[in-house]
Amino acid sequence: MFKLARFLKKYRLQVIFGPIFKLTEAIFELIVPLVMADIIDKGISSSDEGFIYRAGALIVVLGVCGLAFALICQYMASVASQGFGTELRRELFSHIDSLSHSELDEFGTASLITRLTSDVNQLQVAVAMLIRLVVRAPFLVLGATVMAFTIDFKLSLIFVAAIPLIAVTLWFVTAKTIPFYKNIQKKLDKTARITQENLIGARAVRAFAKQEHEEERFRENADDINRIAVRAGKISALLNPVTSIILNLAVVAIIWLGGYSVDAGELSQGQIIALVNYMNQILLALIVVSNLVVIFTKSAASAARINEVLEALPSVKENTNAEPHMAENAPMIEFDGVYFSYHNNGENALENIDFTANKGETIGIIGGTGSGKSTLINLIPRFYDVSGGAIKVKGVDVRDYPLKRLRSMIGVVPQKAALFSGTVRDNMKWGKSDITDSEIENALKTAQAYDFIKELPDGLDSMILQEGKNLSGGQKQRLTIARALCRKPEILILDDSASALDYATDLKLRTAIKENCGDMTVIIISQRANTVKAADKIIVLNDGAAVGIGTHKELLASCGEYCEICLSQFSAEEIEKELQDE
Amino acid sequence: MNKNKSGGFSVLARLMKFTKPYTAYLIFTVIGAVVSALATLYAPVLIGEAIDCIISAGNVDFQKIFPIVIKLAAVVFAGAVFQWFMGYCTNILTQNTVRDLRISAFNKLQSVPLKYIDSTPHGEIISRVVADIDIISDGLLQGFQQLFTGVVTIIGTLCFMLSINPAISLVVILITPLSLIVASTIARLCSKKFKEQAKLRGEVTALAEEYIGNQKVVKAFSQEENAEQRFEALNQKLYKVGVRAQFYSALTNPSTRFVNGLVYAGVGIFGALNALTPGGITVGQLSCFLSYANQYTKPFNEISGVIAELQSAFASARRVFALIDSSDEVSDSADKALTDIKGNVELKDVDFSYTPDKELIKGLNLSVSSGQHIAIVGPTGCGKTTVINLLMRFYDTDSGVIKVDGAPIKEVTRNSLRSGYGMVLQETWIFEGTVRENIAYGKPDATDEEIIAAAKAAHCHSFIRRLKKGYDTVISETSGLSQGQKQLLCIARVMITMPPMLILDEATSSIDTRTELKIQNAFSRMTGGKTSFIVAHRLSTIKEADCILVMNAGRIVEIGNHRSLLEKGGFYAELYNSQFKQT
């Protein structure tokens, strides 16, 4: 938790002075019972009205000053805690931006977002509490005890006995109930899971007429929650009664023993009242302390999760000073004995991949799920580093390029069509920041997206909602292709990015790319043999190994896996017919 | 029945209806609240009486103190016991009520029309069943506990004070409105800022989801700086609102402490002055007043907190009740069950649309005799599932009839109709449970032999055996089975019930070729001799079908067999050519 303290640096002033103001307020609060004791002892017993007014006014003044100091402290706490959170969020976001794909995969999006939002919020609360209460509450406990000692040593021993008892009760109840609440949280997650399963599977549940079974399953879980919550409730219901018994017994002891002291002339009546007051203040402060313990336990966990992200280092290290000397006659892309493993655990996701792609060529990559198709293309823009071998672009190892330079040559169309909130034009500008409208239109035309964009009332200025919610799957895919084309890349990578297009549009798209982007090297990943059939070179992947490289015809003759894929998609007669046609 | 706009009172009334089975606990809660609050109030009186016996040196009446102290201990103890009892009862009351509420919300999901589930975002429904009900539980717990004690404490305090000394009580009563005004002003300020803050936080989360979720695209286009700028702009806005929200909410404690201090000072001054007058209050009574003054504003703060909490609980309750009130599927008009189904299906003049302004199916006629195969084809997203929705009666036709073996499906029970079909959809459905439970879903009393036989027929026996615990491995949608494996399990699930009619959605783009062959294989094993409706992607399936329904943009555009459709030269012919002929 303390590692994150550096984000408070800017708010040093608030962190130091906030608690001091709060402390002053607490001191005032401790003085009040003493003044009241004076009113009783001096004012009433000597019938001094003036004294009562003066002392009463003093209490009001103490209250007003206390309020002012407290407000200053609260304001400082707000500025410091929100400022801390803002700086932390900024740093965390830009750190996440700097991480490479391996680290992002490892954390997972959902987890990163939780850390960026609720974990940071939790720490903000902790910082505010740190300034507002961490000094105040224990100080009140200590202060009230010390004040009690200044009044009477013997009676203060009652405080010394009661405080640990109350503290132990608080600790006991908190420690006992926390596991219950964790358990309830887990069961609530299960509630969500069952509900979700039933929503997704609504058709299946009804098709099998299993509604009652599902209701029973849900009921069991609801009963579980009920049972745990009731047990937790039994324990937490103890807190108030037990502390109140301890407190009041302490008060009884003060009165009883105090009676002897007053009888002996050692104490006054007003002082007894003051002692009773201090006892009450201590109880209130201890309850605050127990809440603080809970808040800080949670915050420590949040801080650990945030630190984990901040300490992760990008595995792809950039060589910013590199000045690559590209050879004009070298092949565009060259895989030279490439090995890759995701966790460096020896389980290779890619094994000994060797191929070259020249300028203007189209390379098709085909293979089953998990055969390593996406892995292979992710290595070209250096999203991951190879574990063995080398990848060269224009004759230069990809590790010898500055990242921006390398990636600016490549247009990637990812499998999941991801668009960003903003206008169509904003999205296209990602490809090239100073792009003109006519360039955008050309790209849209090639990507077969021009027609539907033209029909939108605002054309290029039409808003795209988050995740492109207002577009169909096929429209999104075509826009992501257009975005990649906008940067006029030398290498275009299509990662199964036409899966939502019907066959006719898919064909038009491929034809248009061929016509308009003649010198582009295109890499197409697909599950459809039909899509890669016309490529200059097809790479057939199976379990991370290239089991065949060649043209459609060559592979039909030589590669068993390729034949199997084609057979599952065309009927045997069609393939035969096709072979005869040529 | 739309209860969305109903006021807080009627929501409360409905919530109270859910507590009805637990009325005994409710009564105990009230008794507990009254007794414990009275005990808490009586204790300062006793302490005051005791202090009055301790006047000065040599002037302490131990004879009188002793019984008072004993009485005090007894009162405190009784108060504590009743306080615990109240906590215990409210907890049971709340937890049981909430459980019932949750169960009825979930059970509702089993009887609403599919249309409701299809058209409501799942996240929203889940948050009603989980988060909203949790908020209700917090609200009820706080409400039952603190509202009762709070009200009793305030009334009790006033009565006690008035009975001791009306004049000083007046001081307390006069300052009270101040406390209320302060509390409500702060609450108003806070709720405005909190709403703004919540909205901005939502925006930050959405932006983070967008950019972190698509971080790979951001990197591919080197847009890191752009992302950071957009994030920072929102981050600064959040800072400004955050400081305000945090500060306003932090006002509550010092302000109420201040008002409390004023009451305390007022009681001190007027009490002391009163004590000076002959026949005025005693010092002990003053001490009693002082401790009331210390405690008096506390229930006010608590009640204003509880009211805020109850308001959000009511808002949640409204959402939950809206779910519970949504209308059910039209109930089965007859309890006639389909038995011994042959598989003759007839659609006559069927009209259907999801929304009245967008007509989808118009005058569809189709007659399928037992054992025939119907292929449904068309581009992705053309609404092939619509036909399935009608056949299974997930949706009702707008007009026209669908008959199975001559019986209109609206005149038989839904369950008997649906059990007549075996359905394997592209979206697989695996629930959290063992492999065995997943396969035997439609036939819970299946023997091990039957389960294994179905698994073998669906080509999943071999991969199941390789799982850690074989058929007893717990699996779920996200447990690492491949899409193809999940599909095979769904096929096994249908295999075991062997219904007379089938609805199948052929393999997907994300399945590797070998598994695809296996699924294909399993499908044809299943469809032999059975009436089958197949959403087809493969030419071989399409060619062999007895009848092809060609769909585009949600509507059925052509019907016929492969040969007749090709001759017609329409949409099907175009589709066929684009798919299988290369330019």
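The values are calculated or read from the model by the stated rules, or taken from the named source; none is laboratory data. Just so it is clear, the model here is predicted, and its values are computed rather than measured. Here the Cβ is made from the backbone with ideal geometry for all residues, glycine too, and neighbour counts use every protein chain on show.
Candidates are the residues of region B:246-272 that are closer than 18 Å to A:ALA128 by Cα and facing chain A (nearest Cβ under 8 Å); the one that is modelled with the lowest pLDDT is B:ASN253.
Of the helices (runs of 4 or more DSSP H) lying entirely inside region A:340-443, those containing at least 1 residues that are closer than 21 Å to A:LEU509 by Cα are A:373-378, A:424-429.
Considering the conditions (1) part of a helix (DSSP H, G or I); (2) surrounded by fewer than 21 Cβ atoms within 10 Å (Cβ to Cβ), A:ILE306 is excluded by exactly one of them, (2).
Please tell me if A:GLY18 is without any contact (Cβ under 8 Å) to a residue 40 or more places away in the chain and not in a loop (DSSP other than H, G, I, E, B). Answer is no for this residue. If the condition is being more than 10 Å from chain B (Cβ to nearest Cβ) and within 19 Å of A:ASP437 (Cβ to Cβ), then region A:461-485 contributes A:ASP461, A:SER462, A:MET463, A:ILE464, A:ARG478, A:LEU479, A:ILE481, A:ALA482, A:LEU485. Within the span defined as region A:215-224, every residue fails to be more than 7 Å from chain B (Cβ to nearest Cβ), more than 21 Å from B:TYR88 (Cα to Cα) and aromatic (Phe, Trp, Tyr).
Of all residues in region A:67-80, those satisfying the criterion of being surrounded by 24 or more Cβ atoms within 10 Å (Cβ to Cβ) and either of a type outside the set (Ser, Thr, Tyr) or at pLDDT 95 or above (or both) are A:ALA70, A:CYS73, A:GLN74, A:MET76, A:ALA77, A:ALA80. Assuming B:ILE92 fulfils every condition listed in (1) β-branched (Val, Ile, Thr); (2) under 15 Å from the mean Cα position of the chain (by Cα); (3) surrounded by 16 or more Cβ atoms within 10 Å (Cβ to Cβ) apart from one, which condition is it? B:ILE92 satisfies all of (1) β-branched (Val, Ile, Thr); (2) under 15 Å from the mean Cα position of the chain (by Cα); (3) surrounded by 16 or more Cβ atoms within 10 Å (Cβ to Cβ) except (2). Is it the case that region B:34-52 has a residue that's within 9 Å of chain A (Cβ to nearest Cβ) and under 30 Å from A:ILE225 (Cα atoms)? Within region B:34-52, one or more residues are within 9 Å of chain A (Cβ to nearest Cβ) and under 30 Å from A:ILE225 (Cα atoms).
Here A:PHE180, A:PHE208 are screened, and the one residue that is of a type outside the set (A, V, I, L, M), farther than 30 Å from B:ALA74 by Cα and crowded, with 21+ Cβ neighbours inside 10 Å is A:PHE208. Considering the conditions (1) more than 34 Å from the chain's Cα centre (by Cα); (2) farther than 30 Å from A:ARG405 by Cβ; (3) at pLDDT below 85, B:SER184 is excluded by exactly one of them, (1). For region A:118-142, a tally of residues being closer than 15 Å to A:GLU308 by Cα and within 8 Å of chain B (Cβ to nearest Cβ) returns 0. Remark: A:GLY258 matches the filter, which requires a residue to be closer than 20 Å to A:ILE245 by Cα, in a helix (DSSP H, G or I) and within 10 Å of chain B (Cβ to nearest Cβ). Among the residues of region B:219-235, the ones that are assigned to a helix (DSSP H, G or I) and facing chain A (nearest Cβ under 7 Å) come to 8 in all.
Pick from region B:422-441 the residues that are over 27 Å from the mean Cα position of the chain (by Cα) and at pLDDT below 90: which of them is surrounded by the fewest Cβ atoms within 10 Å (Cβ to Cβ)? Steps first, answer last, please.
Just the residues of region B:422-441 that are over 27 Å from the mean Cα position of the chain (by Cα), to begin with: B:422-424, B:435-436, B:439-440.
Keeping just the survivors that are at pLDDT below 90 gives B:422-424.
On the way: B:GLY422: 26, B:MET423: 24, B:VAL424: 28.
Among those residues, the one meeting the criterion is B:MET423.
Each residue in region A:399-447 was checked for being free of Cβ contacts under 8 Å to residues at least 60 places away in the same chain and either in contact with a strand residue (DSSP E or B) (Cβ under 8 Å, 6 or more places away or on another chain) or under 15 Å from B:SER222 (Cα atoms) (or both), and 17 of them qualify.
Among the residues of region B:539-548, are any surrounded by fewer than 21 Cβ atoms within 10 Å (Cβ to Cβ), of a type outside the set (A, V, I, L, M) and modelled with pLDDT of 85 or more? Yes, because at least one residue in region B:539-548 is surrounded by fewer than 21 Cβ atoms within 10 Å (Cβ to Cβ), of a type outside the set (A, V, I, L, M) and modelled with pLDDT of 85 or more. Closer than 30 Å to A:ASP385 by Cα, assigned to a helix (DSSP H, G or I) and within 9 Å of another protein chain (Cβ to nearest Cβ): is that true of A:SER102 in this structure? The answer is no for A:SER102.
Do you know which of the residues in region A:531-560 that are without any contact (Cβ under 8 Å) to a residue 40 or more places away in the chain and part of a helix (DSSP H, G or I) is nearest to the other protein chains (Cβ to nearest Cβ)?
A:HIS552
Sort out which residues of region A:5-32 are more than 25 Å from A:ARG89 (Cα to Cα) and either at the interface with chain B (Cβ under 9 Å from one of its Cβ atoms) or among the hydrophobic types (A, V, I, L, M, F, W, C) (or both), and write them in order of number. Correct list: A:ILE20, A:PHE21, A:LEU23, A:GLU25, A:ALA26, A:ILE27, A:PHE28, A:GLU29, A:LEU30, A:ILE31, A:VAL32.
Residues in region A:448-469 that are without any contact (Cβ under 8 Å) to a residue 40 or more places away in the chain, surrounded by 14 or more Cβ atoms within 10 Å (Cβ to Cβ) and in contact with a strand residue (DSSP E or B) (Cβ under 8 Å, 6 or more places away or on another chain): A:LEU460, A:SER462.
Residue check: is B:ALA78 more than 9 Å from every other protein chain (Cβ to nearest Cβ), in a helix (DSSP H, G or I), at pLDDT below 90 and closer than 30 Å to A:ALA229 by Cα? In short, no.
Residues of region A:71-84 that are of a type in the set (Gly, Ala, Ser), in contact with a Leu (Cβ under 9 Å, 6 or more places away or on another chain) and facing another protein chain (nearest Cβ under 7 Å): A:ALA77, A:SER81, A:GLY83. The residues on offer are A:GLU323, A:GLU328, A:GLU361, A:GLU311, and the sole one that is surrounded by 15 or more Cβ atoms within 10 Å (Cβ to Cβ) and acidic (Asp, Glu) is A:GLU361. When region A:261-274 is filtered for residues that are part of a helix (DSSP H, G or I), facing another protein chain (nearest Cβ under 8 Å) and hydrophobic (A, V, I, L, M, F, W, C), the ones remaining, listed by number, are A:VAL262, A:ILE272, A:ILE273.
Scoring A:LEU501 on the criteria (1) surrounded by fewer than 20 Cβ atoms within 10 Å (Cβ to Cβ); (2) not assigned by TED's automatic domain parsing to the domain that holds A:TYR450 leaves a single failure, condition (1).
Please specify each residue of region A:99-122 satisfying the condition of being among the hydroxyl-bearing types (Ser, Thr, Tyr) and more than 18 Å from B:LEU207 (Cβ to Cβ). Within region A:99-122, A:SER100, A:SER102 qualify. Could you tell me which residue of region A:511-530 is farthest from the other protein chains (Cβ to nearest Cβ), considering only residues that are surrounded by fewer than 22 Cβ atoms within 10 Å (Cβ to Cβ) and part of a helix (DSSP H, G or I)? So, considering only residues that are surrounded by fewer than 22 Cβ atoms within 10 Å (Cβ to Cβ) and part of a helix (DSSP H, G or I), the one farthest from the other protein chains (Cβ to nearest Cβ) is A:ASN516. Taken over region A:199-243, residues that are touching a residue at least 12 places away in the same chain (Cβ under 8 Å) and either in a helix (DSSP H, G or I) or not assigned by TED's automatic domain parsing to the domain that holds A:LEU188 (or both) amount to 16.
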